[in-house]
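Chemist: Handing you this structure, nothing more for now.
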Amino acid sequence: MTKSLLALAGVVLTLAWFIPVSRAANESGEKKKMSSKDTKFIENAAAGGQMEVDLGKNAAEKGSSDDVKKFGQTMVDDHSKANDELKQLASQKGVDLTKAMDKAMKKSQKQIDKMNKETGEAFDKAYMDDMVKDHEKDVKEFEEASKECDDAEVKAWAGKTLPTLQHHLEMAKDIQGKLKK
């Protein structure tokens with residue numbers, strides 16, 4: 001019986017030490033509320049990333065040039081990866097992306113319906129024009145977020161993702177230029 005009491009006392013002491021440490025970690029900011037600016041950036045980035053995936057799938061299927069089809073697939077691959085990372089970060093930060101993703105799906109479908117009225121080179125041009133415009137906006141937003149977000153992890157994710165978006169913009173401009181010739 002003495003061994004049982006000693007074992008029980010050990011468990012109680014361990015729990016007594018762990019609970020305050022655990023509570024202190026949470027109070028020190030581990031689950032600190034995100035600033036509205038950072039939350040808005042996460043929501044916009046998630047919605048924009050989902051739109052890139054949806055439009056990219058459409059372009060990979062419907063594009064008439066190999067460059068447009070390949071670019072569309074690159075959008076699917078790169079933005080799916082970034083979206084997965086962002087969803088995990090949002091979850092860790094307590095940011096619910098449900099509304100942003102619903103809004104993105106509706107906006108994507110409207111844009112796909114609009115683009116699908118075009119065929120061949122006209123479709124390719126409309127898609128690439130949209131990709132240049134969208135990536136110019138994205139690069140600007142991610143540059144700002146990588147410098148100005150309050151949350152260090154959100155800031156780091158924006159900075160890590162920025163070079164990929166800059167590369168997408170270069171690719172989109174290059175393909176857009178080829179289509180104008």
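The values are calculated or read from the model by the stated rules, or taken from the named source; none is laboratory data. Being a predicted model, the structure only gives us computed values, none of them experimental. These area figures cover heavy atoms from the full protein model, side chains too; ligands, DNA and RNA do not enter into them. Shrake-Rupley method; radii C 1.70, N 1.55, O 1.52, S 1.80 Å.
Chemist: Quick check on my link table: of 40/87; 62/117; 107/133; 107/180; 57/180; 140/160, which ones sit more than 18 Å apart, alpha carbon to alpha carbon?
Modeler: Pairs exceeding the cut-off: 107/180; 57/180.
Chemist: Also, I was wondering about something else. Pull up the cross-link candidates among the aspartates and glutamates for residue 33, meaning alpha carbon to alpha carbon under 13 Å and not fewer than 8 places away within one chain.
Modeler: Output for residue 33: 96, 150, 151.
Chemist: On to the next question. Calculate, for the range 23-173, the solvent-accessible area per residue in square angstrom, rolling a 1.4 angstrom probe over the heavy atoms of the protein chains.
Modeler: 57 Å²
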